[in-house]
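The values are calculated or read from the model by the stated rules, or taken from the named source; none is laboratory data. Since this is a predicted model, take the numbers as computed values, not measurements. Cβ sites come from the backbone with ideal geometry, for glycine too, and all protein chains shown count toward neighbours. Heads up: the accessible areas ignore ligands, DNA and RNA and are worked out on the full protein's heavy atoms, side chains in. Shrake-Rupley method; radii C 1.70, N 1.55, O 1.52, S 1.80 Å.
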Amino acid sequence: MKKILVTGGAGYIGSHTVVELYNSGFEPVIVDNFCNSDKKVLSGIKAITGHEVTLYEGDCTDKAFMQQVFKQETLAGAIHFAAYKAVGESVAQPLKYYQNNIGSLLVLLDCMQAFAVNNLVFSSSCTVYGTPDQLPVTEKSPIKKAESPYGYTKQVAEQIIADMVRSNSGLAAIALRYFNPIGAHPSAKIGELPLGVPNNLVPFVTQTAAGIRKELVVFGNDYNTPDGTNIRDYIHVVDLAKAHVKTLQYLAGKSGFYDVINVGTGTGNSVLEVIASFEKVSGQNLPCRIGNRRPGDVEQVYAAVEKATRELGWQAGYTLEDALRDAWRWQLALAGKEGAR
Ligand code: NAD
Ligand code: WQD
């Protein structure tokens, strides 16, 4: 069985990807320092897959530790999720973001080169497009000046990987540009664990419906969109996880190769549509009000997904309603267990 290193494999997208790797006959090896995740996710993965996860607890920016992992395991490839991801925090603490997000990538690439591990899938983001000139956004759209240090780490990371591929003909890498991942595993055994008050829409919605938050504030309804609220491309996390497996399969046997691929549904939904859809699938009435615009929000962005279909043979299978139903089930399961962190 091919062993795949999954940095940040205990996190939200990483844990779902670990499940899909097992489902496809890979053997994931997780490296995580649990700075934004909980060890309980490991029992969730075991409950779904029956596998006891291989875990190395430590920091991806620690080169000696990472070299030990590479020495210990014979790896066929790596998926690099480990990073900080809070846009606002990155503006306040840029060094923290550059050190972790860029530092971890440099150490990983160094180890991959030293141990001749040649396939890499990198977690990038639609944030690299900023405010797009055209919709849907294709991979050919220009990269705009980053609006946050977080966004800049993704742009720089893509460039670093492209440079490494150019210099080292062995490496084959793809940066997946995720749109807005939401939802949870349909089993409700793993899902998102936001620390403190969530920044993202869907965890805020589910926590509000669960009575943890008083009300949802819709950040502006005076945008130039049909209902005045922002439009995003919300992708079920299980679909996103499956895209990583497809990408690894696509990279196998390639060398000296780099590309970027959007991972979204291809459909945009407004904030009000998300709320209506959530109320429908959950049967809950969501307390909400219209508030001010949130600084930095892009009016609308959704993916052109033809490249993912053409190159990877992947496309989203779940609907927005499926994702919101699964997010709500996960919220209920959490409340039944321990409440939110
Ligand atoms: P997450 O915070 O849930 O998962 C990241 C995991 O990495 C956590 O388990 C954390 O403990 C671990 N980690 C962070 N730094 C580490 C380090 N130095 N060493 C070891 N472990 C470390 O985040 P996520 O939502 O699963 O995001 C995964 C990746 O996808 C990130 O790179 C993120 O930037 C990217 N991304 C996320 C979104 C999103 O909306 N969730 C969108 C686009 C891109
Ligand atoms: C979605 C929509 C808000 C909360 C962020 C990052 C991006 C990527 C994905 C990592 C927006 C609105 C939200 C609330 C609201 N992450 N909203 N009330 O901003 O599209 O993207 O996550 O790479 O880089 O910026 O996601 O979930 O925060 O917001 O009205 O309480 O919901 O204005 O239109 P966003 P989000």
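Inspect the stretch 252-264 for any residue being open to solvent by less than 60 Å² (accessible area, probe 1.4 Å) and either in contact with a Gly (Cβ under 6 Å, 6 or more places away or on another chain) or on the phi > 0 side of the Ramachandran plot (or both) and give the result as yes or no. Yes, the conditions are met somewhere in the stretch 252-264.
Considering the stretch 153-206, and only residues there that are without any contact (Cβ under 8 Å) to a residue 24 or more places away in the chain and touching a helix residue (DSSP H, G or I) at 6+ places or on another chain (Cβ under 9 Å), the residue that is nearest to ligand 2 (Cβ to nearest atom) turns out to be 198.
Considering the conditions (1) open to solvent by 40 Å² or more (accessible area, probe 1.4 Å); (2) at pLDDT 95 or above; (3) closer than 30 Å to residue 146 by Cβ, residue 320 is excluded by exactly one of them, (1). Hey, does the stretch 230-239 have a residue that's among the β-branched types (Val, Ile, Thr) and within 9 Å of ligand 2 (Cβ to nearest atom)? Yes, because at least one residue in the stretch 230-239 is among the β-branched types (Val, Ile, Thr) and within 9 Å of ligand 2 (Cβ to nearest atom). Looking only at the stretch 177-205, which residues are open to solvent by 30 Å² or more (accessible area, probe 1.4 Å), more than 11 Å from ligand 1 (Cβ to nearest atom) and either among the basic types (Lys, Arg) or not in a helix (DSSP H, G or I) (or both)? Within the stretch 177-205, 186, 187, 189, 196, 197 meet the criteria. Within the stretch 149-176, the residues that satisfy the criterion of being outside any helix (DSSP H, G or I) and either open to solvent by 10 Å² or more (accessible area, probe 1.4 Å) or out of contact with any Phe, Trp or Tyr (no Cβ under 9 Å at 6 or more places or on another chain) (or both) are 168, 169, 170.
Taking the stated definitions as given, is residue 278 within 23 Å of the chain's Cα centre (by Cα) and open to solvent by 50 Å² or more (accessible area, probe 1.4 Å)?
On the way: within 23 Å of the chain's Cα centre (by Cα): yes; open to solvent by 50 Å² or more (accessible area, probe 1.4 Å): no.
Considered against the rule, which asks whether it is within 23 Å of the chain's Cα centre (by Cα) and open to solvent by 50 Å² or more (accessible area, probe 1.4 Å), residue 278 comes out as no.
Does residue 121 count as at pLDDT 95 or above, in a strand (DSSP E or B) and within 23 Å of residue 37 (Cα to Cα)? First the steps, then the outcome.
Details: at pLDDT 95 or above: yes; in a strand (DSSP E or B): yes; within 23 Å of residue 37 (Cα to Cα): yes.
Taking the combined requirement at face value, the residue satisfies it.
Applying the condition of being aromatic (Phe, Trp, Tyr) and more than 13 Å from ligand 1 (Cβ to nearest atom) to the stretch 13-67 and asking which residue is nearest to residue 113 (Cα to Cα) yields 26. Within the stretch 48-67, not a single residue is out of contact with any helix residue (DSSP H, G or I) (no Cβ under 6 Å at 6 or more places or on another chain), in contact (Cβ under 8 Å) with a residue 60 or more places away in the chain and hydrophobic (A, V, I, L, M, F, W, C). Taking the stated definitions as given, is residue 335 away from ligand 2 (no atom under 14 Å from the Cβ), part of a loop (DSSP other than H, G, I, E, B) and modelled with pLDDT under 95? In short, no.
Selection over the stretch 124-148 of residues that are hydroxyl-bearing (Ser, Thr, Tyr), within 16 Å of ligand 2 (Cβ to nearest atom) and either in a loop (DSSP other than H, G, I, E, B) or farther than 24 Å from residue 250 by Cβ (or both) gives a count of 3. Taking the criterion of being within 16 Å of ligand 2 (Cβ to nearest atom), open to solvent by less than 60 Å² (accessible area, probe 1.4 Å) and more than 16 Å from residue 168 (Cβ to Cβ), the residues of the stretch 92-123 that qualify are 94, 97, 100, 101, 102, 104, 121, 123.
Is it true that residue 103 is assigned to a helix (DSSP H, G or I) and farther than 30 Å from residue 299 by Cβ?
Yes; evaluated as a whole, the condition is true for this residue.
Select, from 314, 328, the only residue that is crowded, with 20+ Cβ neighbours inside 10 Å and out of contact with any Ser or Thr (no Cβ under 6 Å at 6 or more places or on another chain). Write out each step before concluding.
On the way: 328 fails: out of contact with any Ser or Thr (no Cβ under 6 Å at 6 or more places or on another chain).
Answer to the selection: 314.
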